[in-house]
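Q: Quick one: the structure is below, and I'll ask about it shortly.
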Amino acid sequence: MITYLEAIREAQHKALADDPRVYLYGQDIGNFGGAFKATKGLAKDFPGRVLDAPLSEDAIIGSAIGAAIDGMRPIVEMQFADFSTCGLNQIINHAATLYWRTNIPCPIVVRLPSGGTAGAGPFHSQSMEALYAHYPGLIVMTPATVEDAYSMLLEAVAIDDPVIFCEHKYLYYHLKAPALPTEALPTGKARVARQGRDMTIVAYSAMVHEALACADELASEGWQIEVIDLRSVKPLDTDTVLASVARTGRLLVVGEAFPWGGVTAEVIARVAQEGFSLLDAPPVRINAKDTPVPYHPNLWGTHRPTARTIAAEARKLLHL
Amino acid sequence: MITYLEAIREAQHKALADDPRVYLYGQDIGNFGGAFKATKGLAKDFPGRVLDAPLSEDAIIGSAIGAAIDGMRPIVEMQFADFSTCGLNQIINHAATLYWRTNIPCPIVVRLPSGGTAGAGPFHSQSMEALYAHYPGLIVMTPATVEDAYSMLLEAVAIDDPVIFCEHKYLYYHLKAPALPTEALPTGKARVARQGRDMTIVAYSAMVHEALACADELASEGWQIEVIDLRSVKPLDTDTVLASVARTGRLLVVGEAFPWGGVTAEVIARVAQEGFSLLDAPPVRINAKDTPVPYHPNLWGTHRPTARTIAAEARKLLHL
Amino acid sequence: MSSPAAAPTSRTDHIQARYIEAYRWMLLARITEEKIATLYRGGKIVGGVFIGKGQEALSAATGMALRPGDVFAPLIRDQAGRFAFGESLLDVFRTYLGSRLGPMRGRDGNVHRGRPREGYLAMVSHLGAMVPAVAGVLLARRLRGESGTIGATCLGDGATSTGAFHEGLNLAAVEKLPLILVVANNQYAYSTPTSRQFVCADLVDRAAGYGVEGRSVDATDLAACLATLQEAADRARAGHGPQLIIASLLRLAGHGEHDDAGYVDPVLKKAARDCLTVAEQHIIGEQWATAADLKTWRMEVTRKIEDAIATTLREPPPDPGDEQWTAVSTPRLRDGFFEA
Amino acid sequence: MSSPAAAPTSRTDHIQARYIEAYRWMLLARITEEKIATLYRGGKIVGGVFIGKGQEALSAATGMALRPGDVFAPLIRDQAGRFAFGESLLDVFRTYLGSRLGPMRGRDGNVHRGRPREGYLAMVSHLGAMVPAVAGVLLARRLRGESGTIGATCLGDGATSTGAFHEGLNLAAVEKLPLILVVANNQYAYSTPTSRQFVCADLVDRAAGYGVEGRSVDATDLAACLATLQEAADRARAGHGPQLIIASLLRLAGHGEHDDAGYVDPVLKKAARDCLTVAEQHIIGEQWATAADLKTWRMEVTRKIEDAIATTLREPPPDPGDEQWTAVSTPRLRDGFFEA
Ligand SMILES: Cc1ncc(C[n+]2csc(CCOP(=O)(O)OP(=O)(O)O)c2C)c(N)n1
Ligand SMILES: Cc1ncc(C[n+]2csc(CCOP(=O)(O)OP(=O)(O)O)c2C)c(N)n1
Ligand SMILES: [Mg+2]
Ligand SMILES: [Mg+2]
């Protein structure tokens, strides 16, 4: 069995092995193998290509942009997604604008260990996909499965545009698959994670698993819930969502990020505008609460959406 | 006649005069009076309370937070909204979380000269309201009128929470009013800027004026368009929007920011969820295009929504 | 704030009293953190535990250089300084154990605690961020015409690489604020050795570049720490502007309790001194106390800690049901998210 | 890239040839920017105009210290260096006038231009941001085992206060990259005097804090600039790591052409030297050329500039209709926003 985290390491191993333009840069990612061990062993296998960076997020990203301009394919690790705020200027104003301004693409990958885990608190739990997806020029990936963690990271390296790779810390060890995939859906295509005809739940990253658990629970009550895994939130595969809503007539969108704006609002805005007539009931969204992510597990468990809270909303929606 | 820009200066003058806790901090805001002259004369009128800052957005905001903790009411000017990315970490991770974490509020005001003007290009034109509104703990104001520029800035200073004050550079000199207001709607309440019964256009900041111009144009074709000025995007006055949609059955939402996520998505998501049955047609949104803001006026004029492009969409929607 | 000591009768007495006081803060911190580590290993603490083992002398000296009314923004390895500045044992355990009665009410945890209204700022994780914040408090006082108070904040060698450190220290220098910036060069930032962090001959060489006063100190030598920090505090209070202190030591623990610090250079490890042991030897050598006294102090401290833990463990955890789920302090400005 | 000069027969000849070459880049820049300012006043340029008047010697010397294959990230006052590094007049005017045939195709304007694939990076406005970017290019070359090339970027006194400057220079120092960081201390950041920007005795004192080599130069003295920049380039190329150059001058224009610079201290103004005048006096004094020669050069340059302007003014502006409205280079990854 291979975990989500191991898949990320394996993808980086393969990228380093296959492409001499790839190098890894980030805090403690060298011999130490990274705060989460996502680069374990890579410094040894690829001497001189896995570099420990100073505690300088802005310079880390900025240097990766320069290297990309000079033909490299850097993969940058932020120790936690939350710290990317210190490198955000380079991401949104430099990397994201480069191709549009100069016609030169900026193939960097920024790995963001994202999302909440028990006890991690306000500064080690954030989901930043909405921030980055808002900005023109960035690709924002949010893999929910071991297979996607692997294949999408490889694709991220191959893509000429800057990719924000939101990997979910909660899935690192929890999620396991029998083997690495040999083929994959391309980025930009959502996946029907479970088929159903009574309602569509759209989710991404860790929330896909809450949605699937909710669907299980509702199945025992006789409901067939379709679950869509967006896989990437920019580009966002509106067509697959619309096709599902066309089948089910009901839409629930779940995200772990803060409620104002973000992925859930974007999905609902698209479906409301493009698929209004497909909806038999108001679209519903569930997000985290509108506070920083709490430290204590009691609070954290309530702050984020869970299978239970999703199911409660889903039942209401099914009865509308 | 008083301009939008003068109203901002007058509000700061009044805040300094009325409250000894207020001081101003930012680049070139002292004797020079600021890049846009929003603090002209204030250093002279309030010696020692209008301070030129070094070229350090992170430290500017960070120091304002410290001062606010110690009982002051700093008003910070970012030279352009775009440069607030360099102080964003302090805004979203420190100012925004302080009250929730420690029970101590953080009464800072960050003034963001926002939005596009001809020839300003990708780094002096951004609208950043969506970025900040996403984060719990911030109030995000987007005044569209001279009166609101004045009264909302005064309210921003009075509010105990951190306020992101998005003032629009395009309105600075263009917009004039006969006098400063003596009373005002409180922040959190949207304003019906024009009454109508055929369609609701929701807008904020400079786009209110494009929406009003569009409404004029459509009036000559016999349509009565209602225009809602959100005034603040967080909190967002869903009730006023819903009440309007209840009257008109049709919703068009206009924003100057990038299309993915943001205010227009948030408004549509709320109306779709809470007011689904009020809609007689799909809600429609119009945003800037999904590229950086272009430099050349030819491109810029097409990149942002205008009365003309809004009217084109509105006509389609009216005929649905 | 330093606990009140009897008025010293002579300079030597004063030095002795300060040393002993500092030692007791160090001891309290060391045992507190040992207990926290034990609780962590026992699964009683969710989230990370980061301790200041080896850094207590520097930290205690920092806390003791401050007076009531001063400002302190400690960092992750500053338990001793937090105590010296006045933090209660209950605040510590209530935060680590997530009691709803603690200052952070379970909303934030471990080292992210403070009482900002009492001049004790609550750090955010983003390293360097507290530097301009303390400067801002001091600026506020200058603007109000208040003088006499100073501020201190702490950083590691790694954090000197942040833009926030640079901007914050420079701003404080421009405003000539009474800020003490204590850099604990403990040789590693997590696993990263200083050679990957900076290549200046000595971090204290940075002082000149900001136009601030800089001094170096051996952080394993409590007497040196006390003298250096006191001098820095006096200079700051006297209007000489920011004081940059570069203190050297080796971190004697993992980055956090999850980390076995296997990457630490054995040569450094071998040469390392533990400031607490050094202080004990000094106290005994100077005959300021006997080995038996030290044992008694340790027992006293341990009992107090155990009491605080016992109290805290009986306290209720936060209840999501009566939590106010809002980050905005102004009720009328809370955004109306419909219930999910 | 420096224009090829005839092989010098002696060291003096070489110095003379370099000086004259630099002067001609300076002259080209000065007159180009005068024309741009005129176009601006005539309403032909939308957006800001920021010129390098007084800074041409430093900038030309920077551009000339670089060779083909090197990297250059100029800033707002670097027209002379841009020319010396190889920028064409057409690129300049096409950008300022928004021709669709220019390197920025009307998408970005004025000083925000470059040809990144040719080692000529296109600055973003956020000051300091180009420092780590140039470092990254140099790191890339190191990783590929390429040596011999160096990089340079420029900043003002104000930009030294950014976190990006600090992080970028420190990173370059840690990696010992061949980066030349030219700081033009022109006494003001927009209206802000250096006294509100830093309080170190001399900005060159920062070098020690990063462990890099630092040198100061009078930016109004072309010979000194050429020597200093050449030496820095040689040191960087020889593997001595980053070179911090602090150059002093007074900005002889407003921050931008909209700014009358009324805030500039009259004492500074009075003492200020114009590097172009100084260079002309030097050339005539050394009898390297006559006043008549200088006049001829000026006429030649002016004609070239006028030709470039005339050409550009005939070129089409960008057409929103055939603009590709996407910031993503990979067609299949363009997000499907329905047409508005
Ligand atoms: C801006 C930022 N980036 C990354 C981190 C993650 N992080 C937490 S502690 C740490 C190492 C800090 O090292 P140092 O400053 O030397 O302090 P020490 O732990 O040695 O006391 C890192 C990288 C952070 N907290 N903030
Ligand atoms: C991060 C950032 N903040 C603010 C600005 C706005 N700004 C543009 S130029 C300038 C002054 C720059 O001064 P200096 O670095 O001394 O360069 P000079 O203009 O004197 O050449 C400022 C504040 C900016 N470009 N970037
Ligand atoms: Mg350290
Ligand atoms: Mg300057």
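Q: Mind checking which of B:A118, B:A64, B:A265 has the largest fluctuation in a GNM of chain B, springs on alpha carbons under 10 Å?
A: Result for chain B, Cα springs under 10 Å: B:A118 fluctuates most.
Q: Can you tally the net charge around B:T142? Count Lys and Arg as +1, Asp and Glu as -1, for every other residue whose Cβ sits under 11 Å from the Cβ of B:T142.
A: Details: positive: B:R231, B:K234; negative: B:E129, B:D148, B:E167, B:D229, B:E256.
Every neighbour counted, the sum reads -3.
Q: For D:K270 and D:D202, calculate 0.36 nm times their separation in residues minus their Cα-Cα distance, and state this gained length in nm to one decimal.
A: Gain on extension, D:K270 to D:D202, equals 22.3 nm.
Q: Give the relative contact order (percent, whole number) for region A:112-202; include only Cα pairs under 8 Å separated by 6+ residues.
A: Reported as a whole number, the value is 31 percent.
Q: Something else now. Can you work out which chain D residue has the shortest Cβ-to-axis distance for the rotation that carries D onto C, and give it in Å?
A: D:G163, 1
Q: What are the trypsin sites (Lys or Arg not before Pro) within region D:164-235 that DSSP puts in a loop, where the Cβ has at most 14 other Cβ atoms within 10 Å?
A: Answer by residue number: there is no such site.
Q: Follow-up question, since we're still on this one. Give me the net charge of C:R113's neighbourhood, meaning all other residues with Cβ under 13 Å from the Cβ of C:R113; Lys, Arg count +1, Asp, Glu -1.
A: Local charge sum for C:R113: +1.
Q: Cα axis of helix A:146-158 to longest principal axis of chain A: angle in degrees, 0 to 90, nearest 10?
A: Between helix and principal axis, roughly 50 degrees.
Q: Something else now. In peptide A:269-281, what is the residue-averaged number of other protein chain Cβ atoms found within 10 Å of each Cβ?
A: 6
Q: If you take every DSSP beta bridge whose two residues both sit in chain C, what share of them, in percent to the nearest 5, is antiparallel?
A: Values: 3 of 25 bridges.
If I count the DSSP bridges inside chain C, around 10 percent turn out antiparallel.
Q: What ranking of B:I201, D:I36 emerges when the number of other C-beta atoms within 10 Å of each C-beta is taken as an exposure proxy, fewest first?
A: Arranged by neighbour count, lowest to highest, B:I201, D:I36 become D:I36, B:I201.
Q: Take each of the peptides A:210-217, B:292-299, average the number of other beta-carbon atoms within 10 Å over its residues, and list them starting from the highest.
A: B:292-299, A:210-217
Q: Using alpha-carbon pairs under 8 Å, 6+ residues apart, how would you state the relative contact order of chain B in percent? Show your work: numbers first, answer last.
A: Numbers: 732 pairs, mean separation 51.8, N = 320.
Relative CO of chain B lands at 16 percent.
Q: Rounded to the nearest 500 deg cm²/dmol, what is the calculated helix-only ellipticity per residue at 222 nm for chain A, with -39500 (n - 2.57) per DSSP H run of length n ≥ 4?
A: -11000 deg cm²/dmol
Q: A further question follows. Any of A:K40/C:K269; A:K234/B:K289; C:K176/D:K269; C:K35/C:K304; B:K189/B:K289 with alpha carbons more than 18 Å apart? Name them for me. Mind showing how you got there, number by number?
A: Working: A:K40/C:K269 24 Å; A:K234/B:K289 15 Å; C:K176/D:K269 28 Å; C:K35/C:K304 12 Å; B:K189/B:K289 29 Å.
Long pairs (Cα-Cα over 18 Å): A:K40/C:K269; C:K176/D:K269; B:K189/B:K289.
Q: Helix-only mean residue ellipticity at 222 nm, chain C, DSSP H runs n ≥ 4 weighted -39,500 (n - 2.57), per residue, nearest 500. What is it?
A: Working: 11 runs with 143 residues, N = 340.
Result for chain C: -13500 deg cm²/dmol, rounded to the nearest 500.
Q: Follow-up. Given a Förster distance of 30 angstrom, what is the FRET efficiency for D:R67 paired with A:D45, based on the Cβ-Cβ distance and rounded to 0.05?
A: After rounding, the FRET efficiency stands at 0.25.
Q: Taking H as built 1.01 Å from N, whose amide H comes closer than 5 Å to the amide H of B:R285, not counting residues under 5 places away?
A: For B:R285, the qualifying residues are B:V253.
Q: In peptide B:126-133, how many Cβ atoms from other protein chains are near each Cβ within 10 Å, on average?
A: Details: counts 3, 0, 2, 1, 7, 7, 1, 4.
If you average over the peptide's residues, the count of other-chain Cβ atoms is 3.
Q: Still on this structure: So how far apart, in nm, are the two label points at C:Q324 and C:A238 if each is 7 Å from Cα heading toward Cβ?
A: It works out to 4.7 nm between the two label points.
Q: With 10 angstrom as the radius, rank A:S125, C:S59 by how many other C-beta atoms surround their C-beta, starting from the fewest.
A: Starting with the residue having the fewest Cβ neighbours, the order is A:S125, C:S59.
Q: Quick one: order A:H168, A:H174 by neighbouring beta-carbon count within 10 Å, fewest to most.
A: Exposure proxy ranking, most exposed first: A:H174, A:H168.
Q: Relative to the longest principal axis of the C-alpha atoms of chain A, give the angle of the C-alpha long axis of helix A:4-18, reported between 0 and 90° and rounded to the nearest 10°.
A: Taking Cα atoms only, the helix is inclined about 40 degrees.
Q: Got the relative contact order for region A:191-318 handy, in percent, Cα pairs under 8 Å and 6 or more residues apart?
A: The value is 29 percent.
Q: Here's a follow-up. Under a plain spin-label model, where a point goes 7 Å from the Cα along Cα-to-Cβ, how far apart in nm are C:H14 and D:Q16?
A: Each label point is offset 7 Å from its Cα along the Cβ direction, giving 7.3 nm.
Q: OK, next. Relative to the longest principal Cα axis of chain A, at what angle does helix A:307-318 sit, 0 to 90 degrees, rounded to 10?
A: Compared with the principal axis, the helix lies near 40 degrees.
Q: Mind checking B:250-260 for the average number of partner chain beta-carbons within 10 Å of each residue's beta-carbon?
A: Across B:250-260, the average partner-chain Cβ count within 10 Å equals 4.
Q: Here's a follow-up. Using a 7 Å offset from Cα along Cα-Cβ at B:D19, what residues in region B:49-89 end up with backbone N under 12 Å from the label point?
A: B:68, B:71-76
Q: State the antiparallel share, in %, of DSSP beta bridges confined to chain B, rounding to the nearest 5. Don't skip to the end; give the middle numbers.
A: Values: 7 of 38 bridges.
For chain B, the DSSP antiparallel bridge percentage is about 20.
Coordinate-derived values only; no laboratory data. Predicted model only: the values in this text are computed from it and were never measured. Don't worry about glycine lacking a Cβ; one is built from the backbone with ideal geometry, like all the others, and counts go over all protein chains shown.
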